[in-house]
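The values are calculated or read from the model by the stated rules, or taken from the named source; none is laboratory data. All values derive from a computational prediction rather than experimental measurement. Using ideal geometry, Cβ is built from the backbone for each residue, glycine included, and neighbour counts are taken over all protein chains shown.
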Amino acid sequence: MVMSKNKLQKTVAVVGTDAVAEAMRQINPDVVAAYPITPQTAIVETFAQMVADGQVHTHYVPVESEHSAMSAAIGAAAAGARVMTATASQGLALMWELLYIASGLRLPIIMPNVNRALSAPINIHCDHGDSMGARDSGWIQLFSENAQEAYDNTLQAVRIAEHKDVLLPVMVLLDGFIISHAVDRMELLDDATAKQFVGTYKPDVSLLDAARPVTYGAFDGLYGYYFEFKRQQEEAMRRALEVIREVGREFGAISGRPYGLFESVGLEDAEFVIVALGSAAGTIRSEVECLRDNGMPIGMIKLRVFRPFPAAELVAALAGKKAVAVFDRSDTFAGNMGGPVFIELRSALYETAEKPIMVNYIYGLGGRDLSVDLVNKACNELAWIAQSGQVKQRVNYLGLKE
Amino acid sequence: MGNNTCEFVENGLAEIRWHARGGQGAVTAAKTLAEMSLTKNMFFQAFPEYGPERMGAPIQCFNRLSTNRISTYCGITNPRMVVVVDPTLLDVVDVTAGLAMDGILIVNTDASPAELRKKLGLKGRKIYTVDATHISIDELGRFMPNIPVLGALLKVTELLSEEEAIAFLKESFGKKFSGKVVESNIRALQRAFKEVKEE
């Protein structure tokens, strides 16, 4: 153990799942409901041990499926509890209908999801297809590059979700195996600082508040306000952008690690830019920095917040760039439209007068390795595209066995 | 807490690939190496070859070590060092694949580095051998070669001195295992420090 520069933090060697479990221990949620079978990860196993050891006061509900895990989480959250669960891959898929109920009831549930591929064929490795499928379910989605960010995002998620201007569930995403199962170096806040940052949860309304009885999720049909509820969810998502920034700044003040909507390298002088999510952004950053040292006018953006999508901020950051390559670790199967990040960023840039040329690299599905060589190949292609103004192929599959 | 690192990591990012069979403790050894490098205030990664691990089946695991922050998260194909925990893998796996010509190969075997070089028909690289199998049977009473192999790695790279490594094991293993297990692992580590053979 090494004491970090900030005396209140300690530097540790942990696997990604334990980093998230540590954040959960410090949050000490009232209720955690989880299903422990594959593709679940060690997050809930480690946390269950913490419950058994009396390190937290959480009521831990072992349920019989992810559908039940989210159902129990919703019930407990509606009752006024601070609630967490965790899942991955098929587990998230099985929660599907409940994801919409959690966000529709405006319940600030926190859920780390270890990004793993969806069947078929059966595959348990890193892939963003699971959470990208939930992008329209009304959950805030925060992506993490490494164990440190998974921990930091989990703590911040509580503040974002429970903010009175937001009241939306938050998914914290970390890459399966690459981050979840790897030992990494990171800094942990001391318990008192973390607990003070997270604060206590006092919901304005709850089912157990007998003095002010409320109904959750009642029928609201043709002559009701379903449409208005949905519009309010969208409004909350818009307001979340500023809350995420505010919480990220505050977290920076206590940890020395400020967070925004995205992070960038070299945007001030880059002529072309790569945009990516998750651990791939780390590999891309090291290659981009190396190429910049050799004089290539390249930059990169690591997108942290995918929901809400920071469209205006990304458009401003990319103003005047000749070309943009978006890396997607999932596909939309829309018939050559590209991956989800590509589609959304391209749509966001539609109104700008001088649009950059845009290309998409779909990579790493089912855990296929994104090597430095592959990143280098894409960077050089992008340099050629920016220089020549030509695109041979809009949507590219990087690292395919051909 | 020292920042006195060795030549092995001062030449930039050091990547290590471990070859073993499931159940021989290689993943634990790679993880322990990561934890040990934290005591030197270094940056590190330790990760298994992703997938289900089956007892007895060939596995790989990896380390990255550096004095600077590491932000590459891809697999390792051109390691600076290869560590072979199980000698029977030499006939099964191409253990030197991608190993740089000036890279280091550490093998658990009773053969000398010269004999091993001849057997593998290896050109370049620097070979070290340690008989971790017999050390572990003598000291632990069973075949568990991970700690003596880790000892050989520490001796070769000078990442930790023998005293520092012993102190680490006392502290770290002391939390999880009985005094007897810790003591026998320390003896196995000490023997590896003494018995590792250089070319």
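Tabulated data
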quantity: Number of the condition not met by residue A:275 [criteria: (1) more than 14 Å from chain B (Cβ to nearest Cβ); (2) under 21 Å from the mean Cα position of the chain (by Cα); (3) surrounded by fewer than 17 Cβ atoms within 10 Å (Cβ to Cβ)]; calculated: (3)
quantity: Selected residue [part of a helix (DSSP H, G or I) and more than 14 Å from chain B (Cβ to nearest Cβ)] from A:383, A:353, A:378; calculated: A:383
quantity: Residues of the range A:279-313 classified as away from every other protein chain (no Cβ under 14 Å) and either buried (at least 23 other Cβ atoms within 10 Å of the Cβ) or within 13 Å of residue A:142 (Cα to Cα) (or both), total; calculated: 11
quantity: Residue pairs meeting the criteria (Cβ under 6 Å; at least 6 apart or on separate chains; first on the phi < 0 side of the Ramachandran plot and part of a loop (DSSP other than H, G, I, E, B), in the range B:171-199; second surrounded by 15 or more Cβ atoms within 10 Å (Cβ to Cβ) and among the aromatic types (Phe, Trp, Tyr)); calculated: B:196/B:128
quantity: Given (1) at the interface with chain A (Cβ under 10 Å from one of its Cβ atoms); (2) in contact (Cβ under 8 Å) with a residue 40 or more places away in the chain; (3) surrounded by fewer than 23 Cβ atoms within 10 Å (Cβ to Cβ), index of the condition residue B:69 fails; calculated: (2)
quantity: Where residue A:180 falls short, out of the listed (1) closer than 27 Å to residue A:89 by Cα; (2) away from every other protein chain (no Cβ under 14 Å); calculated: (2)
quantity: Tally of residues being under 14 Å from residue A:15 (Cα atoms), within 9 Å of another protein chain (Cβ to nearest Cβ) and polar (S, T, N, Q) across the range B:28-61; calculated: 1
quantity: Odd one out for residue B:74 among (1) part of a loop (DSSP other than H, G, I, E, B); (2) more than 8 Å from chain A (Cβ to nearest Cβ); (3) crowded, with 19+ Cβ neighbours inside 10 Å; calculated: (2)
quantity: Among (1) more than 22 Å from residue B:175 (Cβ to Cβ); (2) more than 10 Å from every other protein chain (Cβ to nearest Cβ), the one test that residue B:64 misses; calculated: (2)
quantity: Filter result (surrounded by fewer than 20 Cβ atoms within 10 Å (Cβ to Cβ) and within 8 Å of residue B:63 (Cα to Cα)) within the range B:12-46; calculated: none
quantity: Residues satisfying the stated conditions in the range B:50-59, i.e. touching a residue at least 24 places away in the same chain (Cβ under 8 Å) and either surrounded by 20 or more Cβ atoms within 10 Å (Cβ to Cβ) or assigned to a loop (DSSP other than H, G, I, E, B) (or both); calculated: B:53, B:54, B:56, B:57, B:59
quantity: Scan of the range A:55-71 for residues that are more than 12 Å from residue A:101 (Cα to Cα) and in a helix (DSSP H, G or I), ordered by number; calculated: A:66, A:68, A:69
quantity: Residue match in the range A:361-379 (condition: within 18 Å of residue A:320 (Cβ to Cβ) and modelled with pLDDT of 95 or more); calculated: no
quantity: Pick from the range A:250-272, criterion of a type in the set (A, V, I, L, M) and closer than 25 Å to residue A:141 by Cβ, ranking: nearest to the chain's Cα centre (by Cα); calculated: A:261
quantity: Selection count where residues are outside any helix (DSSP H, G or I) and either surrounded by fewer than 15 Cβ atoms within 10 Å (Cβ to Cβ) or over 13 Å from the mean Cα position of the chain (by Cα) (or both), scope the range B:145-170; calculated: 2
quantity: Residue that is within 14 Å of another protein chain (Cβ to nearest Cβ), within 16 Å of the chain's Cα centre (by Cα) and modelled with pLDDT of 95 or more, where the choices are A:157, A:134, A:117, A:161; calculated: A:117
quantity: Answer residue from the range A:332-357, given it is surrounded by fewer than 20 Cβ atoms within 10 Å (Cβ to Cβ) and among the aliphatic types (A, V, I, L, M) and is nearest to the chain's Cα centre (by Cα) among those; calculated: A:343
